Amino acid sequence: MGRAKKVVLAYSGGVDTSVCIPYLKHEWGVEEVITLAADLGQGDELESVREKALQSGASASLIADVKETFVKDYAFPAIQANALYEGRYPLATALARPLIAKVLVETAEKYGADAIAHGCTGKGNDQVRFDVAVAALNPHLKILAPAREWGMSREETIAYGEKFGIPAPVKKSSPYSIDRNLLGRSIEAGILEDPAVEPPEEIFLMTKAIAHTPDEPEYVEIGFTRGIPTSLNGEAKNSIELIEQLNQLAGKHGVGRVDMIENRLVGIKSREIYESPAMVVLIQAHRDLESLTLTADVTHYKRGIEETYSQLIYNGLWYSPLKAALDAFIQKTQEQVSGTERVKLFKGNAAIVGRSSENSLYAPDLATYGAEDQFDHKAAEGFIYVWGLPTRIWAQQGKR
Ligand code: ARG
């Protein structure tokens, strides 16, 4: 008896996921492996990925174009939540995992599979995200993670694959571990494992080095409708277009690089490099629009929610009761968040230089220092008396 009969495997076309196919069949007694490659805008040639799975022994090889769902149902809510893990990582990789898990589960249900499988190792966050998301969506499915158990080195993995006709990678494989999708790139390993070493320029693809960015600033106006970015420079954009064009624009000015030591869920610290030009600009612009359109208490309260929300995404709890409850809160707040943000891109910097909204709570006649001032200065006196009363009493008590 094998570990499962029919398995849907998350497939990328790389050596590890390719080797998973014969491994599942020959070592773990799986009868049938169906592969699924999700198109998240990673820019791979997916037709050859599809064929490679069949050559590696898959009984069926599927491609799911989920780009639009990815942006609308995963990236946009994260922007509405201003989600940055540890204040910096825009979660491009983390956001993709629950969506991949969802299509894996749907495919398993459609094809009558009893398990899903993925090629994650035992050290990362992604295994947690896949396993927990699958369990949340269909707790009856088994989850198989061969690479977590097989204990083969890179060379052994390649040699194992060659026995089953899986060609060794042609070009000398990159020393880095890279994950990429529409929202950005995550780069780790190789020389980056030394936290003291500056990342070599060669690792970046979406963002220009400051030395090579234009010497003139460029302005972009981002329109938001209820917290969702909907236009660039006054032109309505569909979700994918908007992200792609903003990636281009901001990347050209070197905006969106992050170099950080991050705390993984599995307890280790790791050195991560990210480039996520559109997400970095959108979150900054969105946050600024919120400060114009939300009341002070909602703005302040939401900061705590955002922190928790970012951790839920990072920690694999996208499908969870707490996440659903926080979504309800965030969606309610976004009813007001429509308007335009003017952003100046220059030498690695995205500066918000102007904003406007029909829901603006900024009251010029109250804010002004000019003659039109409507603010009742005398009212401040009584307010300060009451506001400061506890402090006054405390100070008097100390004097006694
Ligand atoms: N540390 C990031 C995360 O947990 C990115 C991991 C991406 N994987 C990679 N092979 N670089 O979301």
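Quick one: how many residues across the range 56-95 are surrounded by 23 or more Cβ atoms within 10 Å (Cβ to Cβ), within 16 Å of the ligand (Cβ to nearest atom) and either among the acidic types (Asp, Glu) or over 13 Å from the mean Cα position of the chain (by Cα) (or both)?
Residues flagged as surrounded by 23 or more Cβ atoms within 10 Å (Cβ to Cβ), within 16 Å of the ligand (Cβ to nearest atom) and either among the acidic types (Asp, Glu) or over 13 Å from the mean Cα position of the chain (by Cα) (or both) within the range 56-95 amount to 0.
Considering only the range 101-109, I want to know if a residue exists there that is touching a residue at least 60 places away in the same chain (Cβ under 8 Å) and either farther than 30 Å from LYS5 by Cα or polar (S, T, N, Q) (or both).
yes
Taking the range 169-196, which residues are touching a residue at least 24 places away in the same chain (Cβ under 8 Å) and away from the ligand (no atom under 16 Å from the Cβ)?
Selection gives ASP194 alone.
From the list GLY267, GLY316, GLY254, exactly one residue is small (Gly, Ala, Ser), within 16 Å of the ligand (Cβ to nearest atom), touching a residue at least 60 places away in the same chain (Cβ under 8 Å) and not in a helix (DSSP H, G or I). Which is it? Steps first, please.
Working: GLY267 fails: touching a residue at least 60 places away in the same chain (Cβ under 8 Å); GLY254 fails: within 16 Å of the ligand (Cβ to nearest atom).
Criteria check complete, one pass: GLY316.
Just the residues that are among the acidic types (Asp, Glu) and buried (at least 18 other Cβ atoms within 10 Å of the Cβ), please, taken from the range 331-366.
Our first condition is that a residue be among the acidic types (Asp, Glu); within the range 331-366, this holds for 335, 341, 358, 365.
Matches in the range 331-366: GLU341 only.
Only one of (1) under 30 Å from THR230 (Cα atoms); (2) within 13 Å of the ligand (Cβ to nearest atom) fails for LEU99. Which number is that?
So LEU99 meets the others, but not (2).
Test each condition in (1) more than 16 Å from the ligand (Cβ to nearest atom); (2) open to solvent by 20 Å² or more (accessible area, probe 1.4 Å) for GLY161 and report the one that comes out false.
Status for GLY161: all satisfied but (2).
For the structure I just gave you, tell me whether THR121 is hydroxyl-bearing (Ser, Thr, Tyr), within 16 Å of the ligand (Cβ to nearest atom) and either within 20 Å of the chain's Cα centre (by Cα) or closer than 26 Å to LEU141 by Cβ (or both).
Numbers: hydroxyl-bearing (Ser, Thr, Tyr): yes; within 16 Å of the ligand (Cβ to nearest atom): yes; either within 20 Å of the chain's Cα centre (by Cα) or closer than 26 Å to LEU141 by Cβ (or both): yes.
Yes; evaluated as a whole, the condition is true for this residue.
Working only within the range 104-118, note down all residues that are closer than 26 Å to ALA78 by Cα and open to solvent by 20 Å² or more (accessible area, probe 1.4 Å). Spell out the reasoning first.
So the first thing to find is which residues in the range 104-118 are closer than 26 Å to ALA78 by Cα, and the list is 104-107, 118.
GLU106 - this is the single residue of the range 104-118 that is closer than 26 Å to ALA78 by Cα and open to solvent by 20 Å² or more (accessible area, probe 1.4 Å).
Does ARG154 satisfy the condition of being away from the ligand (no atom under 13 Å from the Cβ) and surrounded by fewer than 19 Cβ atoms within 10 Å (Cβ to Cβ)?
Details: away from the ligand (no atom under 13 Å from the Cβ): yes; surrounded by fewer than 19 Cβ atoms within 10 Å (Cβ to Cβ): yes.
So ARG154 fits the description; yes.
Provide a single number: the residues in the range 336-360 that are under 19 Å from GLN80 (Cβ atoms) and in a loop (DSSP other than H, G, I, E, B).
The total comes to 7.
Checking GLU306 against (1) under 29 Å from GLN248 (Cα atoms); (2) open to solvent by 50 Å² or more (accessible area, probe 1.4 Å): exactly one of these is not met. Which one?
The number of the failed condition is (2).
For the range 191-233, how many residues meet the condition of being open to solvent by less than 70 Å² (accessible area, probe 1.4 Å), touching a strand residue (DSSP E or B) at 6+ places or on another chain (Cβ under 8 Å) and either aliphatic (A, V, I, L, M) or at positive phi (or both)?
Matching residues across the range 191-233 total 6.
Taking ARG148, is it in contact with a strand residue (DSSP E or B) (Cβ under 9 Å, 6 or more places away or on another chain), open to solvent by 60 Å² or more (accessible area, probe 1.4 Å), in contact (Cβ under 8 Å) with a residue 12 or more places away in the chain and within 16 Å of the ligand (Cβ to nearest atom)? So that I can check it myself, show each step before the final result.
Values: in contact with a strand residue (DSSP E or B) (Cβ under 9 Å, 6 or more places away or on another chain): no; open to solvent by 60 Å² or more (accessible area, probe 1.4 Å): yes; in contact (Cβ under 8 Å) with a residue 12 or more places away in the chain: yes; within 16 Å of the ligand (Cβ to nearest atom): yes.
Spelling it out, it is not the case that ARG148 is in contact with a strand residue (DSSP E or B) (Cβ under 9 Å, 6 or more places away or on another chain), open to solvent by 60 Å² or more (accessible area, probe 1.4 Å), in contact (Cβ under 8 Å) with a residue 12 or more places away in the chain and within 16 Å of the ligand (Cβ to nearest atom).
The values are calculated or read from the model by the stated rules, or taken from the named source; none is laboratory data. Given the structure is predicted, the values throughout are model-derived calculations rather than measurements. Methodologically, a virtual Cβ is constructed for each residue, glycine included, from the backbone with ideal geometry; neighbour enumeration extends over all protein chains shown. Just the protein is used for accessible areas: all its heavy atoms, side chains included, with ligands, DNA and RNA removed. Shrake-Rupley method; radii C 1.70, N 1.55, O 1.52, S 1.80 Å.
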